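Every read-out reported here was derived from the displayed coordinates using simple, explicitly stated rules and does not represent laboratory data. From a predicted model like this one, the values you see are computed outputs, not experimental measurements. All Cβ positions, glycine included, derive from the backbone under ideal geometry; neighbour counts span all protein chains shown.
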Amino acid sequence: MGRSDIYSSGFWLVFSIYIAVESYRLDLGNWHEPGPGYFAFGAALLFGSMALAVFVKSLKQTSALKGEIGSAERFRWQHVVMVLIAMVLYTLLLNTIGFVLCTFLIVVFFIKVVALQRLMKSIMVGLCMAIGSYLLFSFFLKAPLPRGFFLF
Amino acid sequence: MNIDGGAEMKRKFGVSFVITLMVLGLGSVSYSQGKYPDRQIQLIVPYGPGGSTDLCVRSFMGEVTKVLKQPVSIINRPGAGGLTGADAVANSKPDGYTLLATSAGVLTWGVALDPKSARELNPIAIMAVQPVMITSRTESEYKTLEDVINAAKKKPGGVSCGSSGIQSETYLDLALLEAATGVHIKHVPIASSSEGATTLLGGHIDLWVGSVSTTQNLVKAGRLRGLAVSSPKRMRDFPDVPTFAERGFPHINVNLIIVMMGPKGLPPVVIKTWEDTLGVVLARPDVAAALDKVNYDVDFQTGSERLRKYFSDEIKRFSILAKEKGIIK
Amino acid sequence: MGNLGHMLMGIVTAAQPINLLYCFLGSFIGTLIGVLPGIGPVGAIALLLPVTFHVPPLAAFIMFTGIMYGAQYGGSTTSILVNIPGEASSVMTCLDGYQMARKGRAGPALGMAAFASFIAGTIGLFGLVFLAPTLAEFGLRFGPPEYFALMAFGLTLVIYLARGSLAKALMMTAFGLILASVGLDPVSSAPRFTYGIIDLRDGIGLAQMVIGLFGVSEVLLTVEKSFTRSVFETKIKGLLPNLKDWKDSFYPTLRASVLSFLMGIIPGISVVIPTFISYSLEKRISKHPEKFGTGTIEGVAAPEAANNGACVGTMIPLLSLGIPTGASSALVLGALLIYGLHPGPLLIRESPEVFWGVIGSMYIGNAMLLLLNLPLIGIWVRVLKIPYAYLFSSIILFCLVGSYTINNSLTDMYVMILFGIVGYLMNKFDYEPVPLILALVLGPMMENAFRRSMILSDGSFLIFFIRPISGILLALVLFMLISPIFTKKRLAEEIMREADE
């Protein structure tokens, strides 16, 4: 509770207004013939009113709070960002360089860079994971996996 | 510690890393310009596994693989009513190794509804067909197609008929019926056809228009009654169900058509290979039996130009219908 | 001969060596599929279909049931161990199961999940055998207005599921409803909130979202702290449920089994919804509702019993009417068709030995999974001891690959990553994911049902109230909403509580 709530509820408030406008444009229809925007508009109304309530409540509260350790403070985010970027890169490169290579690279990255293990160990584990998961998914479960410009 | 040794170690690591990459990355790639096909072909089915199109294709592609002597790998790419998969193939290299096996509705009715969804695709062959049937509950007052038409004339909107939705090609038969007779039937969209069948059975809607496979068990068991079917001749399994043509509506003939397509610019050798292969496989009685088990009849038609014209004629026909019904402007 | 006799014969037929072998194979594959996020039994069965062409039909069918049950068990395993629901029906198991694992009680959680599933499956099968025709007809009476009332009832349960701020839970519910609108409008087919991205026209997939919201976000949260996994108790406290666990879970398991079995019969309800409802019900009538979500054994037993009971329930419309009511029963239907078996009223008449063999094989599958999984608990529990550096890499990898394999689509992977971020932020800002998921699951059905009802009634609201089933359900909903005991008191308590802080 507290300051983080102001930010989050403020964000949601804006979001719900946006949705309300968008769903209005999608045509609400009327009570008897609901249009595409009907439910989303209603949900946006609910959303917005609750967000407003939380927003107001948290505004009133913050003035009374001193030095509360809000959850906004524990944001040690370097590892989180690294993992996320790795995941996005994996997805971007998957079709270009293929499943096995991508898998190998991301595992090595995780173990070497994020978890700071030794390079040799990372490469070994990366190889095992890449080949193992290829066998598991592609051979055993026959799931189609993207192939890069190499054979696999 | 020996500094030189450190640098040496680093170099060794570097080399082994690169070698690892090479081992992983380089499989032997043969892009030889040999005979088609010389490697695995990816056949994209733009619907989910276990769906009607998927089962149809899977029931005989194994035999095609045997004839072609290269694996034909079926890949499901569902989404957007078939457009996701169609896109994937339309944008792929026209080398004959990425093909599409789809129900024709996305290419005809889909385009009529939304011209922007047209894709540059080359028809190779029509392979199989499944008719569409209108059914009612056996104990209801709708025992023939005429009953339905008369009831709808007396009370516009008083008869309800479910379908998988306006964008599905099975809806077309209902729309064509309304256009031909001038009646108004209340349309209830129920995306899942099995949910539609239960809704009909439970008496919440009066009729259901959809592919034969959804309702055939119930018709055979006597719970549902087939009122009319869209095939040119009466179905072997349902000799008592008249065709729309018999009842005076030869234009109500939209079936589920399974067609194989490729991207624009396919080399003629690819098309010819498939025409020949499919011709051989689909003529076999065991393949016909396999297709029959998943409710499809063999309907083998070739001729890229002819098919292309057929589809574009259908698009024109459906566009007129859609405008008349006010679905598009 | 009597149904019981038939069933026993069916079990004997199903228990022949070759069938047992295929059952084992299917169970093994199914468990694997359930453990891996994304790949569901549907995809696997479709992929394995050609393999089974050379196998006797009953053996193949038994293999499929093994896969289906196996996937349920596997999904629960990962829910408990790493907070990733392998299937959408395992989402509720994450809530208490994962917390139990964090306290070193992964073994009892896994064990109770297995036992509760088995008990529910058994109860369900007896219900199937003796009551199938009657129940099937009951299921048919649910038309669009009844579905709407049922979904509305489900959504009001969010009041009971909310552990923290009610206002925030309602916000998440609304968010879920909005997310559920993404895609093509079911009636007019107009695209909503798709912004030109074709892959969004089918909406946001539940599996992709859940993998990201629960699995990925949990990894992000742990990675942020440290790699020494201090969040987990390293001392494993016992491998099986103890006597107290059994006492606590007994009635919840029974209630959840029966309730979910009945709900499964209603066509289209799927296995997911009964897990939510059973969990909420147990929380509501429990003597210590505030403990739900911190690691109660009933919080594991109830949803696990629910997903198996409902699974059996969904077989009823399939076997007695020939109508599949969900993705997995549709595939089972397809498989049966290929073997020339036509489930429906004709099957029991024309090939009774097949019908009863099918029923028997479901029972065998159920038993096989229990036997298979109990010894595995020891192994699963050791998985938690793998150094997190390797464990989290595998988890992320499986999430990535798993989300890809749902539809062979890269978009799904991005959706998963996005919801991983959303889940992470939600945790930081103190919002609960469960109302979100509930709304995403119930929302579309509710909207469809409402709009169809309006079409059928030509716009009159009366249709909901003059039909008995929907009328009763909606009366319940209204009762829950306007009853001052629930809402006002809770809201008032909340405001007081927050003002004191």
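Couple of notes before you dig in:
- Compared with the alpha-carbon gap, the fully stretched path from B:Ala151 to B:Lys233 is longer by 26.9 nm at 0.36 nm per residue.
- A cut-off of 5 Å between modelled amide H atoms, ignoring neighbours fewer than 5 places along the same chain, links B:Asn76 with B:Val45.
- Here B:Lys153 is the anchor, and the aspartates and glutamates within straight C-alpha reach of less than 13 Å, apart from those fewer than 8 places off in the same chain, are B:Glu178.
- Likely footprinting exposure, A:Met50, B:Met61, fewest C-beta neighbours within 10 Å first: B:Met61, A:Met50
- B:Val188 long-range amide H proximity, modeled H, under 5 Å: B:Cys161, B:Gly162, B:Ser163
- Förster radius 41 Å - calculated FRET efficiency between C:Glu290 and C:Gln16, Cβ distance, rounded to 0.05: 0.20
- Averaged over the residues of peptide B:216-222, the number of Cβ atoms from other protein chains lying within 10 Å of each residue's Cβ is 5.
- Orientation-averaged projected area, Cα convex hull of chain B (nm²): 23.4
- Per-residue mean of foreign Cβ neighbours for B:67-80 is 3 (Cβ atoms of other chains, 10 Å radius).
- Here the spin labels are modelled as points 7 Å beyond Cα on the Cα-Cβ line, and at B:Ile320 and C:Leu376 they lie 6.0 nm apart.
- Relative contact order (%) - criterion: Cα under 8 Å, at least six apart; region: the range A:78-140: 32
- Calculated from backbone phi, Karplus (6.51, -1.76, 1.60) coupling profile of the range B:188-200 in Hz, x at Gly/Pro: 10, x, 10, 4, 7, 5, 6, 5, x, 5, 5, 5, 5
- Taking a ≥ b ≥ c as the square roots of the eigenvalues of the Cα gyration tensor, an a/c ratio of 1.5 or more together with a/b no larger than b/c marks the range B:132-229 as oblate.
- Ordering B:Val229, B:Asn217, B:Ser193 by the projection of their Cα atoms onto the charge dipole of the range B:132-229, which places +1 on the Cβ of Lys and Arg and -1 on the Cβ of Asp and Glu, puts B:Asn217 at the extreme positive end.
- In loop segments of the range B:172-260 as defined by DSSP, the trypsin sites (Lys or Arg not before Pro) with at most 10 further C-beta atoms inside 10 Å of their C-beta are B:Lys233, B:Arg236.
- Neighbour-count ranking [beta-carbon atoms within 10 angstrom, fewest first] of C:Leu221, C:Leu262: C:Leu221, C:Leu262
- Relative packing of peptides B:116-122, C:269-275, C:299-305, C:436-442 - highest average C-beta neighbours within 10 Å first: C:299-305, C:269-275, C:436-442, B:116-122
- Sum of side-chain charges, B:His184 neighbourhood, beta-carbon under 11 Å (Lys, Arg +1; Asp, Glu -1): +3
- Computed over chain C, relative contact order equals 28 percent, with contacts defined as Cα pairs under 8 Å that lie 6+ residues apart.
- Counting Lys and Arg as +1 and Asp and Glu as -1 over every other residue whose Cβ lies under 11 Å from the Cβ of C:Ala120, the net charge comes to 0.
- For the residue pairs C:Lys385/C:Lys428; B:Lys116/B:Lys143; B:Lys66/B:Lys116, the C-alpha atoms sit more than 32 angstrom apart in B:Lys116/B:Lys143; B:Lys66/B:Lys116.
- Relative to the dominant Cα principal axis of chain B, helix B:169-181 is inclined by about 30°.
- For the range B:144-153, 3J(HN,Hα) computed residue by residue from phi via the Karplus equation (6.51, -1.76, 1.60; θ = phi - 60°) reads 9, 4, 4, 4, 5, 5, 5, 4, 5, 5 Hz, glycine and proline entered as x.
- Label separation (A:Lys121 vs B:Asp286): 5.6 nm, computed from points 7 Å beyond Cα along the C-beta direction.
- Taking a ≥ b ≥ c as the square roots of the eigenvalues of the Cα gyration tensor, the protein assembly as shown is rounded, since a/c falls below 1.5.
- Within chain C, longest stretch clear of exposed chymotrypsin sites (Phe, Trp or Tyr not before Pro) (DSSP loop, no more than 14 other Cβ within 10 Å): C:196-460
- Annotation: amide H-H contacts under 5 Å for B:Leu227 (H modelled 1.01 Å from N, sequence separation of 5 or more, or interchain): B:Ile134, B:Thr135, B:Ser136.
- Under Karplus coefficients 6.51, -1.76 and 1.60, residue-wise ³J(HN,Hα) of the range C:125-135 in Hz, glycine/proline x: 5, 4, x, 4, 5, 8, 10, 3, x, 4, 5
- Cross-link pairs exceeding 25 Å in C-alpha to C-alpha distance, out of C:Lys168/C:Lys244; B:Lys69/B:Lys272; A:Lys57/C:Lys291; B:Lys264/B:Lys323; B:Lys272/B:Lys293; B:Lys233/B:Lys293, comprise C:Lys168/C:Lys244; A:Lys57/C:Lys291; B:Lys264/B:Lys323; B:Lys272/B:Lys293.
- Within the same chain, aspartates and glutamates fewer than 8 places from A:Lys112 are excluded, and of the rest, none has a Cα less than 15 Å from its Cα.
- Taking a ≥ b ≥ c as the square roots of the eigenvalues of the alpha-carbon gyration tensor, chain C is classed rounded because a/c is under 1.5.
- Per-residue average of Cβ from other chains inside 10 Å of C:191-197: 3
- Sparse-neighbour loop sites [trypsin sites (Lys or Arg not before Pro); the range C:344-427; at most 13 other C-beta within 10 Å; DSSP]: C:Lys385
- Summing Lys and Arg as +1 and Asp and Glu as -1 over all other residues whose Cβ lies under 12 Å from the Cβ of A:Ser8 gives a net charge of +1.
- For B:His187, C:His6, C:His54, B:His204, order by how many other beta-carbon atoms lie within 10 Å, fewest first: C:His54, C:His6, B:His187, B:His204
- Straight-distance crosslink candidates among aspartates and glutamates, where the alpha carbon sits under 20 Å from A:Lys60 and sequence neighbours closer than 8 are dropped: A:Asp5, A:Glu68, C:Asp430, C:Glu493, C:Glu494, C:Glu498, C:Asp500, C:Glu501
- When the helices of the protein assembly as shown are scored as -39500 (n - 2.57) per DSSP H run of n ≥ 4 and the total is divided over every residue, the value at 222 nm lands at -20000 deg cm²/dmol.
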